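The values are calculated or read from the model by the stated rules, or taken from the named source; none is laboratory data. Since the structure is predicted, the reported quantities are computational estimates derived from the model, not experimental observations. Neighbour counts are summed over all protein chains in view; Cβ atoms, including those assigned to glycine, are modelled from backbone coordinates with ideal geometry.
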Amino acid sequence: MANTHNPSLKNALPSPLIVAIDDLLGLHQKAQNALSDARKETGESFTADDRLAIKQYEEGLQKILDIIAPAAMEIKSNEVILNDQHSRTLYVYNWPNYIYPNWLAPAVNFDATMDITHFIYPTPNRAIMKMLRKKVAELRSSIRMLEQRGIVRDPTLEAALQDAEELRDLLARGREKLFQFGMYITLYADDEEKLKKIQTDIESILGGRLVLTKPALFQMEHAWNSTLPLCLDELEINRNMNTSPLAASFPFSSSDLTSDHGILYGINRHNESLVIFDRFDLPNANANVFATSGAGKSFTVKLEILRSLMFGTEVLVIDPENEYVELCKTVGGSFIPMSLQSSFRINPFDLPKAVRGEEAAVGEVLRAAVVNLHGLFKLMLGSLTPSEDGVLDKAILDTYALKGITLTHEEPGTLEPPTMHDLVDVLMTTQGGENMANILQKYTSGSYAGIFDKQTNVELEKQMVVFQIRDLEDQLRPIAIYIILNFLWNRVRSELKKRFLVIDEAWNLMQYDDSARFLFGIVKRARKYYLGITTITQDVEDFVNSPYGKPIITNSALQVLLKQSPTAVDNLQKLFYLTDGEKYVLLNCGVGQGIFFAGNKHVAIQIIASQKESEIITTNPEEVMKRKAAEAEAAKNNPL
């Protein structure tokens, strides 16, 4: 029995070519069978000329082996050169007394091309039991002789006797079996120096577990043949091993994130296993996605959204570049454009109609709303002095009081909230508030009027809702994101549902302390409301350098790091304690490749999508133009 870990031969043949060859061989076999049947019916046998013709025909067929075989081989005493690739085979000649599960994972996950082959030969228990009985008698005799001579006991002999007795018991009960086990590793590299370095690294990894290896000098051809997926053991260097340590040597035990439920995120690049995961199984469902421009951030998140929607998860998105509109249309969601020309409005003074848990205490809802409004008005007004902050606090409470909403009201969310017009009127009549009122008039009667100074007319009825803020002026973007977040947070607290909220280009919030503090507060409390928050950013510096950036990351159990720029990768290495190898992966990986962190586990991932999924969620300009051209052509050909 042989198990082969062979990344070098993956996708060696395109499937149509294999099918064509199989068809050709099948036709030849059918023709030969038909000819044979005809000969049998007529009582004739193949003539010498017939056999020669068939032989020549078979020799002229192109075989699969001809296609996958190397163009040339050079066999040396210490390596085999296949085309331009150097290979060297190691065999294990020494094993420790004890070996633990998953001991081979560091070698399997090592960043090198290699074939790992195990040969397992069952041994009859009857012969082994007879041999063990003889061995036990010898060990007991040796121990007794030492005792008679008065020599100090030998712990090695006693340990060997105990192991032999234990193995006899297990074999007799049928709980263990004995096997002959051989393990060979073929390493591949582009040149001899790289091959030597890889060999040294592998020998060090295995040697640290007392698994000692040697190169198969002067047997390289036989050793290389032994690691091909042909089940041919031409080295025959084996070791007696019972079931338990043999099971611990299973070669495909590298780290994985495959669970029995969840959504498919991609493929584990180390062992080709599927990364299937449910983020709501973690201590919290928050996630961070970091990548450079064009590395596949939005593609990854949109793929997660599309697959999560199939499981009934509600999705809310703050979209700064209108990248989620096509996906939203496809799944029947609603998209809400937020701009000065839009008819949609959100009132920052809104209160949740009902609040779960300890925050339902009388007055707590209004206090929380006032605190959030302080953060919003600091974005609008700039820095405030302590006296101005006090005036603003009283003015906000007075504004709510005009609508009958006070700290003693038991259900303030059932009453119509005030608007920013009401606050400006209160500030105008408050000593020390005139200056703030003049600044806020820009949002009520000035150039920014209409968007934040009216009652809310936005409904969240669909499973997916996208807030578009692309057409907002740069100065209004952080304010709009803050107000939208507050609006969504009120809705989340009102009704318990499985949701996640996506904030694209989260650096817009992180560059201001008040908005960053507000986002951190939501991230920290989201778990209680069955909410997962996904923050996406390519400006790692702005995110990490914020005093709230690192706390947001530490309060997020899921992290996706895709391709990084050289200027940002050092910060991420310190933040996530990446090894130099993982740093190298992030610098050199392709689009949709990176490292996927889930709690204490992390794997190298390749994000994958079906063709239909890719058509829906791609933002590649070339692919988008092709799709639009195809849709226009289809509409032209089918006007009805």
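Summary table below
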item: Matching entry among 291, 248, 295 (being in contact with a Pro (Cβ under 6 Å, 6 or more places away or on another chain), modelled with pLDDT under 90 and crowded, with 16+ Cβ neighbours inside 10 Å); result: 248
item: Enumeration of residues in region 506-521 that are part of a helix (DSSP H, G or I) and within 21 Å of residue 476 (Cα to Cα); result: 507, 508, 509, 510, 513, 514, 515, 516, 517, 518, 519, 520
item: Breaking point among (1) touching an Asp or Glu at 6+ places or on another chain (Cβ under 7 Å); (2) under 20 Å from residue 528 (Cβ atoms), for residue 320; result: (2)
item: Positions within region 398-416 being in contact (Cβ under 8 Å) with a residue 40 or more places away in the chain, surrounded by 15 or more Cβ atoms within 10 Å (Cβ to Cβ) and not in a loop (DSSP other than H, G, I, E, B), in sequence order; result: 399, 400, 412, 413
item: Candidate set: region 131-186, residues that are part of a loop (DSSP other than H, G, I, E, B) and not hydrophobic (A, V, I, L, M, F, W, C); chosen: the one surrounded by the fewest Cβ atoms within 10 Å (Cβ to Cβ); result: 150
item: Residue 274 being touching a residue at least 60 places away in the same chain (Cβ under 8 Å) and either polar (S, T, N, Q) or assigned by TED's automatic domain parsing to the domain that holds residue 533 (or both); result: no
item: Matching residues, region 201-253, being in a loop (DSSP other than H, G, I, E, B) and over 30 Å from residue 68 (Cβ atoms); result: 208, 209, 210, 211
item: Pair list, Cβ < 8 Å and 6+ apart or interchain, from region 105-134 residues that are free of Cβ contacts under 8 Å to residues at least 60 places away in the same chain to residues that are assigned to a helix (DSSP H, G or I) and small (Gly, Ala, Ser); result: 129/172; 132/164
item: Hey, residue 363 more than 37 Å from the chain's Cα centre (by Cα) and at pLDDT 85 or above or not; result: no
item: Among the candidates 348, 352, residue that is modelled with pLDDT of 85 or more and not in a helix (DSSP H, G or I); result: 348
item: Residue match in region 421-436 (condition: among the β-branched types (Val, Ile, Thr), over 45 Å from the mean Cα position of the chain (by Cα) and exposed (fewer than 13 other Cβ atoms within 10 Å of the Cβ)); result: yes
item: Some residue of region 540-555 being crowded, with 21+ Cβ neighbours inside 10 Å, closer than 17 Å to residue 293 by Cα, modelled with pLDDT of 85 or more and not aliphatic (A, V, I, L, M); result: no
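Okay, residues lined up against (1) part of a loop (DSSP other than H, G, I, E, B); (2) in contact with a strand residue (DSSP E or B) (Cβ under 8 Å, 6 or more places away or on another chain); (3) under 24 Å from residue 491 (Cβ atoms):
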| position | (1), (2), (3) |
| --- | --- |
| 395 | no, no, no |
| 418 | yes, no, yes |
| 424 | no, no, no |
| 447 | yes, no, no |
| 454 | yes, no, yes |
| 458 | yes, yes, yes |
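Okay, residues lined up against (1) assigned by TED's automatic domain parsing to the domain that holds residue 91; (2) of a type in the set (Lys, Arg); (3) touching a strand residue (DSSP E or B) at 6+ places or on another chain (Cβ under 8 Å):
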position: 114; (1), (2), (3): yes, no, yes
position: 126; (1), (2), (3): yes, yes, no
position: 146; (1), (2), (3): yes, no, no
position: 188; (1), (2), (3): yes, no, yes
position: 193; (1), (2), (3): yes, no, no
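Quick grid of which residues meet (1) charged (D, E, K, R); (2) free of Cβ contacts under 8 Å to residues at least 24 places away in the same chain:
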| residue | (1), (2) |
| --- | --- |
| 522 | no, no |
| 527 | yes, no |
| 537 | no, no |
| 543 | no, no |
| 552 | no, no |
| 580 | yes, yes |
| 590 | no, no |
